[in-house]
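Structure first, commentary second.
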Amino acid sequence: MTSIDVHALTKDYGRTRAVDGLTFSVRPGRVTGFLGPNGAGKSSTMRLVLGLDRPTAGTATIGGRPYTSLPDPLRRVGALLDARAAHGSRTARDHLLALATSNGVASRRVEAVLEEAGLADVGRHRIKTFSLGMRQRLGIAAALLGEPDVVMLDEPSNGLDPEGIIWIRELMRSMARDGRTVLVSSHLMNETASFADHLIVLGRGRLLADLPMQDFLDSRSRPAVRLRTSEAARLRDVLIRRGYEPEQSEDGRWIVEGATAGEIGATAAAEGIPLLELSDIRPSLEEAYLDLTTNAVQFAATLSSSTRKEV
């Protein structure tokens, strides 16, 4: 099994502790979202896993071995940490060919990943002429070059247009279905919700959550139901007798906290009360994430009183 295993990982930069005793595993066959506020330690952790920094304490291994001891590392691990790292004076094709040659990867893979990343038509263009989105695509192509079992991507959607975002989303899902280990750091909550199966959340260098996506959402909220009925008064009385506290919203719908659609539907059916609309209210990933990380934000902006009046 090829997994990323972090144990008691700690990293100090002078007097600043960027990573504080982290322990978690990233497993194959799923896309793991890596979340946290600015300064939470996500990038530092990824650098430690990739051997770009040395830990102050603890370990980070891939398939049970430190990255620096892996034979043919590009074939084992593909990573995108900084799309601007490629030399601007090289062409995209030459950049990938240099990586392939130095890592014992067949040159035919260069054309394959250029095609897969949508860069086949600009492969002979210099990288300095690329937009941010094109550089992102090139960085992802480089990560895929060795057909690795482990893929680590830091903000892969940054700069991509809508077509590119759909492409990277489907690519990550496809890699997970193939049994690869996929770790993706992102600040885009809605986008993360569209592809992640599992979440690891950091705050101030510490582990805040390590849960499947749905378990994470459920852990940060109570069940609730939204409904409409033509017999509101009767349904309200029935629900109150059963211990619920229904509240009517401005649009005429009713909100029932602490209930599921199945429970309310069964109650209404037993009483012969028609329902015109019935649905569970599920929290968004953004809401659940903000609820968890409220006290773990290192850099938080505040609104002035004049700004609040305008919102």
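The values are calculated or read from the model by the stated rules, or taken from the named source; none is laboratory data. Note that this is a predicted model, so its numbers are computed, not measured. Methodologically, a virtual Cβ is constructed for each residue, glycine included, from the backbone with ideal geometry; neighbour enumeration extends over all protein chains shown.
A few points about this structure:
- Residues being part of a helix (DSSP H, G or I) and in contact (Cβ under 8 Å) with a residue 24 or more places away in the chain - total across the stretch 189-218: 10
- Residues of the stretch 40-52 that turn out to be assigned to a loop (DSSP other than H, G, I, E, B) and either modelled with pLDDT of 95 or more or not aliphatic (A, V, I, L, M) (or both), as a count: 4
- Number of the exception - Phe34 against (1) out of contact with any Phe, Trp or Tyr (no Cβ under 9 Å at 6 or more places or on another chain); (2) over 19 Å from Leu188 (Cα atoms); (3) at pLDDT 95 or above: (2)
- Test for Ile168: is it part of a helix (DSSP H, G or I), under 22 Å from Leu70 (Cα atoms) and either in contact (Cβ under 8 Å) with a residue 12 or more places away in the chain or not hydrophobic (A, V, I, L, M, F, W, C) (or both): no
- The stretch 76-96, residues that are assigned to a helix (DSSP H, G or I) and either in contact with a Ser or Thr (Cβ under 6 Å, 6 or more places away or on another chain) or surrounded by fewer than 16 Cβ atoms within 10 Å (Cβ to Cβ) (or both): Arg84, Ala85
- Of all residues in the stretch 245-294 being touching a helix residue (DSSP H, G or I) at 6+ places or on another chain (Cβ under 7 Å), modelled with pLDDT of 90 or more and among the hydroxyl-bearing types (Ser, Thr, Tyr), the one that is surrounded by the fewest Cβ atoms within 10 Å (Cβ to Cβ): Ser279
- Against the test of being out of contact with any Ser or Thr (no Cβ under 9 Å at 6 or more places or on another chain) and assigned by TED's automatic domain parsing to the domain that holds Ala176, the options Pro73, Pro66 yield a single qualifying residue, Pro73.
- Residue within the stretch 225-234 that is surrounded by fewer than 18 Cβ atoms within 10 Å (Cβ to Cβ), in a loop (DSSP other than H, G, I, E, B), more than 34 Å from the chain's Cα centre (by Cα) and not hydroxyl-bearing (Ser, Thr, Tyr) present: yes
- Qualifying residues in the stretch 56-72 (those that are over 17 Å from Val26 (Cβ atoms) and free of Cβ contacts under 8 Å to residues at least 60 places away in the same chain) - the one surrounded by the fewest Cβ atoms within 10 Å (Cβ to Cβ): Pro71
- Considering Glu155, Glu170, the condition of being at positive phi and either surrounded by fewer than 22 Cβ atoms within 10 Å (Cβ to Cβ) or more than 17 Å from the chain's Cα centre (by Cα) (or both) is satisfied by Glu155 alone.
- Test result for Leu138, at pLDDT 95 or above and on the phi < 0 side of the Ramachandran plot: yes
- Sole residue being at positive phi and not small (Gly, Ala, Ser), chosen from Arg180, Arg204: Arg204
- One residue alone among Leu276, Leu235, Leu290 is closer than 30 Å to Lys11 by Cβ and of a type in the set (A, V, I, L, M), and that residue is Leu290.
- Looking only at residues in the stretch 177-187 that are crowded, with 17+ Cβ neighbours inside 10 Å and not basic (Lys, Arg), the one that is nearest to Glu286 (Cα to Cα) is Ser186.
- For Ala209: the one exception among (1) surrounded by fewer than 18 Cβ atoms within 10 Å (Cβ to Cβ); (2) in contact with a strand residue (DSSP E or B) (Cβ under 9 Å, 6 or more places away or on another chain); (3) among the small types (Gly, Ala, Ser): (1)
- Criterion (in a loop (DSSP other than H, G, I, E, B) and within 20 Å of Ala176 (Cα to Cα)) met by exactly one of Pro71, Pro37, Pro55, Pro28: Pro28
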